[in-house]
Amino acid sequence: MTLLAWSGWRIERRSGRSSFALVSALLSAGAGAVLCCALLFLAAGADPIAAFAALAKGSFGSTRAIADTLVRATPLILTGLATAIAFRARLWNIGAEGQVFAGAMFAFWCQSAIGAAPAYLQIPVIVLGSLCGGALFGALAGALKARFQVDEVIATVMLNYIIIYALSLLLQQGPWTEPGGFFEQTAMVPDQAKLPILIEKTRLHLGFVLALVLAAILHVVLHHSPLGYEIRAAGSNLRALQVQGVHAGRLILVVFALSGAIAGLAGAFEVYGVQYRLKSGTLGGLGYTGIIIAILGQLSPRAVVIAGLLFGALLNGSTLMQIRTGVPSALIYAIEAIILMFFLIAWAISQFRLRRLRDVD
Amino acid sequence: MWTDLLEAGIIVSVLAAAIRIATPILFTALGELVAERAGIYNMGLEGMMLMGAFAGWLGTYHSGSALVGIGAAVLAGLVMSLLFAFMVITLQIEQIVTGLALNLLASGLSTFWLRSAFSDVNKVPGISILQNAPIPLLADIPYLGAVLFDQRVVTYAALLAVPAVWLFLYRSRLGLEIRCIGENPKALDIKGHSVALRQYAAVLFGGAMAGLGGACLTVAATAHFVPDMVNGRGWLALVIVIAGGWSPGRVLAAALIFSFLDALQLQIQGVGIQIPYQLLLAMPYVAAILALMLRRKAGRAPTMLGMSYRRE
């Protein structure tokens with residue numbers, strides 16, 4: 001600082017941020033992330049250009065690849081939205097991870113009860129079941145915060161671990177175990193319960209459209225409803241909101257339930273749209289990736305959709321990348337985090353500006 | 001079978017295991033305690049431990065020396081925490097978000113590194129782990145010797161770190177300044193002492209300790225590195241700092257209670273009592289939530305915890 005002042009410049013905080021700052025932050029984050037990826041490709045002994053090409057071909061190379069990208073993006077958009085809505089209220093719900101599980105499990109439980117009922121009954125039951133499951137599990141974390149002042153970050157992380165063990169218990173020796181099966185998974189769901197496929201010969205299912213509709217609804221709720229106002233106001237100043245007569249505990253509970261419900265939907269879509277059975281492996285990591293997506297999307301539903309599509313493409317392309325170049329697809333998780341780090345840093349730097357002291361005084 | 005648990009031999013082995021298991025969490029929690037007293041809430045502990053575990057394993061594997069491994073782990077913790085400190089202290093990015101980002105980074109990087117170095121998942125090499133180093137004479141005391149004085153070197157170090165951190169925080173000038181930053185950073189700033197510098201020091205110390213704690217999970221416990229093997233211990237360390245009321249002695253007590261639960265569940269599985277292992281493994285996380293629900297009486301959090309200091 002002193003060195004800088006001596007040279008006649010100083011760093012100061014901007015009063016407001018321009019959209020130019022946002023765009024340049026995004027661009028520099030993108031450039032930095034690409035550069036880091038190239039280094040990681042080299043470290044793994046692969047040709048970066050070939051690896052990027054395989055990544056792009058795997059995610060957008062054909063109708064099928066694009067459809068798969070959208071399929072991969074669906075749960076990420078949902079967990080991104082779930083996280084964004086909670087973070088907007090400065091409620092740090094890290095529990096989308098566990099709420100995905102809760103939604104999938106509750107939907108599975110409800111759907112098993114109606115068994116092979118006709119398809120027009122199945123989808124509402126699955127959707128409502130997952131919403132309820134996610135909402136209940138989310139509200140549990142909310143209640144711990146509102147009633148017992150338990151830090152929500154820690155509470156949700158602990159609940160994430162607990163529910164994964166709970167599912168494992170139900171799948172291993174419990175009533176949900178696939179009869180005669182060796183793996184920790186349920187039997188296949190009945191055909192009527194599978195979500196309809198939108199484009200023939202692809203895996204693109206109804207869930208994708210529902211996720212987009214939900215994003216639009218959340219946009220409206222956030223910006224044009226009393227609840228949205230309370231959420232945004234809680235994010236900037238909870239005390240002021242309480243003075244206005246808003247019951248903080250109730251708001252915390254509502255936000256957590258809402259956030260959990262959205263994440264729960266992601267779980268059900270994975271089970272009934274992609275895997276057609278309930279198992280632990282494929283549900284893991286969706287919630288944590290959703291946090292990255294929410295932050296990259298600036299906690300705005302529209303941008304979350306875009307970030308979700310980008311990450312869906314990355315995940316989808318990574319399979320072909322691994323086959324073609326031998327780069328482990330685990331790289332994608334490193335890349336996701338690197339993109340987030342670069343974005344956070346670039347965004348933070350864009351708050352500051354350099355000014356010549358001569359111009360200041 | 002439950003009565004088996006009450007035999008003297010079993011009790012001694014559970015207590016010895018509790019102290020052994022406490023080691024990684026104790027290191028990490030003590031480091032975090034110092035960082036939190038300086039007002040910094042490091043939610044990236046899980047990631048720092050993970051990088052420590054990975055670096056410790058890789059360093060030991062390449063050099064054949066546990067000491068090199070531990071050194072590599074401390075270095076990994078320092079690098080991670082330097083990045084964290086730069087982001088939250090210099091750039092003043094939200095501490096929670098930064099910590100989470102670091103966790104994801106550590107998880108991705110360590111898995112990628114592991115997979116690209118050893119592409120065959122089934123042929124990941126093991127390392128030879130640290131053995132117990134009984135202290136002469138003391139280890140021969142009946143019962144107590146086996147519990148306290150027949151442990152690994154890192155465990156003795158972790159136990160000695162408790163009074164060391166206490167002495168540092170309450171009997172040294174820098175310790176006083178760090179505690180002051182957590183309560184009233186402006187007071188220090190007005191006197192012309194750099195708040196940021198001391199916060200950097202506290203965070204780096206926390207990172208080094210988390211790296212060390214992570215190293216204990218591989219170098220002193222298992223021969224293999226498994227992706228995401230820290231499995232919530234970094235988060236439990238955060239819980240222990242809160243449950244321990246931000247004081248070194250009570251942090252030790254909290255760490256021992258948690259590790260006792262862990263040791264107990266291992267023993268319950270060991271003597272063949274039929275309880276689904278998932279219930280046993282979920283126990284520490286349930287206990288963590290209960291501990292936070294009931295913590296009312298524990299000490300008060302530093303006033304400035306989690307808020308970045310900004311000059312007016």
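Cβ-Cβ distances below 7 Å connect the following pairs, each with a first residue in the range A:1-27 that is at pLDDT below 70, a second residue that is open to solvent by less than 90 Å² (accessible area, probe 1.4 Å) and of a type in the set (Gly, Ala, Ser), and a separation of six or more residues or different chains: A:Arg17/A:Ser350.
Looking at the range B:241-264, can you tell me whether even one residue there is open to solvent by 20 Å² or more (accessible area, probe 1.4 Å) and farther than 16 Å from B:Leu26 by Cβ? Yes - at least one qualifying residue is present in the range B:241-264. Answer with yes or no whether A:Leu344 is touching a residue at least 24 places away in the same chain (Cβ under 8 Å), more than 10 Å from chain B (Cβ to nearest Cβ), surrounded by fewer than 24 Cβ atoms within 10 Å (Cβ to Cβ) and out of contact with any Phe, Trp or Tyr (no Cβ under 6 Å at 6 or more places or on another chain). No.
Checking A:Leu331, A:Leu314, A:Leu296 one by one, the residue that is open to solvent by less than 40 Å² (accessible area, probe 1.4 Å), closer than 17 Å to A:Ala25 by Cα, within 12 Å of chain B (Cβ to nearest Cβ) and touching a residue at least 12 places away in the same chain (Cβ under 8 Å) is A:Leu296 and no other. Looking only at residues in the range B:77-92 that are open to solvent by less than 20 Å² (accessible area, probe 1.4 Å) and at the interface with another protein chain (Cβ under 8 Å from one of its Cβ atoms), which one is farthest from B:Phe54 (Cα to Cα)? Applying the filter and picking the extreme gives B:Leu91. Only residues that are open to solvent by 20 Å² or more (accessible area, probe 1.4 Å), in contact with a helix residue (DSSP H, G or I) (Cβ under 9 Å, 6 or more places away or on another chain) and either under 14 Å from A:Val255 (Cα atoms) or assigned to a helix (DSSP H, G or I) (or both) were counted across the range A:121-163, and they come to 19. All conditions in (1) within 13 Å of another protein chain (Cβ to nearest Cβ); (2) closer than 19 Å to B:Met307 by Cα; (3) in a loop (DSSP other than H, G, I, E, B); (4) not β-branched (Val, Ile, Thr) hold for B:Trp246, with the sole exception of (1). Could you look through the range A:179-200, keep only residues that are buried (at least 16 other Cβ atoms within 10 Å of the Cβ) and touching a strand residue (DSSP E or B) at 6+ places or on another chain (Cβ under 6 Å), and pick out the one that is farthest from the other protein chains (Cβ to nearest Cβ)? Out of the qualifying residues, it is A:Leu195. Within the set A:Ser168, A:Ser112, the sole residue that is polar (S, T, N, Q) and more than 14 Å from chain B (Cβ to nearest Cβ) turns out to be A:Ser112. Can you confirm whether the range B:97-118 contains a residue that is within 14 Å of another protein chain (Cβ to nearest Cβ), among the hydrophobic types (A, V, I, L, M, F, W, C) and out of contact with any helix residue (DSSP H, G or I) (no Cβ under 9 Å at 6 or more places or on another chain)? Within the range B:97-118, one or more residues are within 14 Å of another protein chain (Cβ to nearest Cβ), among the hydrophobic types (A, V, I, L, M, F, W, C) and out of contact with any helix residue (DSSP H, G or I) (no Cβ under 9 Å at 6 or more places or on another chain).
The values are calculated or read from the model by the stated rules, or taken from the named source; none is laboratory data. Since the model is a prediction, treat every value here as computed from it, not as a measurement. Cβ: placed from backbone, ideal geometry, glycine included. Neighbour counts: every protein chain shown. Side chains are part of the model used for accessible areas, which takes the heavy atoms of the whole protein and leaves out ligands, DNA and RNA. Shrake-Rupley method; radii C 1.70, N 1.55, O 1.52, S 1.80 Å.
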